[in-house]
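Values quoted throughout were computed directly from the atomic coordinates according to the rules given, and no laboratory measurement underlies them. A quick note: this is a predicted structure, and the numbers were derived from the prediction, not measured. Cβ coordinates were reconstructed from backbone atoms using ideal geometry, including for glycine residues, and neighbour counts include every protein chain displayed.
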Ligand SMILES: Cc1cc2nc3c(=O)[nH]c(=O)nc-3n(C[C@H](O)[C@H](O)[C@H](O)COP(=O)(O)O)c2cc1C
């Protein structure tokens, strides 16, 4: 299927088929796909936590408000996190980049705006990997749900990952054919083309 076909097919799945499992090979491919995510100046300020442990997943689900059921119904929850410490980020991720990327872009356009701007830009990079990941999932015949509706502080404590803060999570699995949010039953709602796309 071409990309437009996949874009029409992909949707934020609300009800998963609990009888279908993800293979270890598929999970391994998803890890590699995320590792290859693009980011501005290849800054990669992220960490992707693949949660398949049922006990931990249940604990996270209990801290995920309306998303609890979906998380319990899938084999895989991926938590997307951003690096906390800007100094560490600059030493580990920025210092290794070509000099002109740093002096020509990072320093004058990002760092010059202060720490809050750097942190916001870092989080933007993680969000980019979300769009990329959702497209990858549907291209692999998988359904997924991006989730900002999670208790970030509880996730931080449960994941106990030094130096990183969770931003959002994604469930991955196979949609239940009876999902009332399936596009066949609940057509996608979007603004009209001329309201969002301008051709000059
Ligand atoms: C960053 C982000 C966070 C989202 N958080 C949630 C969530 O917590 N729970 C949920 O069911 N859907 C969540 N969604 C799904 C959106 O509601 C959904 O993408 C939007 O309504 C468009 O529908 P579609 O993806 O099915 O086309 C989120 C989507 C994005 C991009």
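Brief remarks on what is shown
- When the helices of the chain are scored as -39500 (n - 2.57) per DSSP H run of n ≥ 4 and the total is divided over every residue, the value at 222 nm lands at -10500 deg cm²/dmol.
- Equivalent ellipsoid semi-axes, the range 96-200, via Cα gyration tensor eigenvalues times 5, rooted, Å: 33, 23, 14
- Ranked 105, 133, criterion: other C-beta atoms within 10 Å, fewest first: 105, 133
- The ranking of 31, 119 from fewest to most other beta carbons within 10 Å of each one's beta carbon is 31, 119.
- With neighbours defined as other Cβ atoms within 10 Å of a residue's Cβ, the residues 182, 124, 88 order from fewest to most as 88, 124, 182.
- Label positions at residue 184 and residue 90, each projected 7 Å from the Cα along the C-beta direction, are separated by 5.5 nm.
- Here the convex hull built on the C-alpha positions of the chain has a volume of 161 cubic angstrom per residue.
- More than 13 Å apart - percent of Cα-Cα pairs taken over the range 126-176: 62
- Under a Gaussian network description of the chain, with springs only between Cα atoms under 10 Å, the residue in 114, 163, 178 that fluctuates furthest is 114.
- Among 189, 165, 64: highest mean-square fluctuation, GNM of the chain, C-alpha pairs under 10 Å: 189
- Rounded to 10°, Cα long-axis angle of helix 115-139 versus longest principal axis of the chain: 30
- Taking N as the residue count of the range 86-127, its C-alpha radius of gyration divided by 2.2 N^0.38 Å amounts to 1.08.
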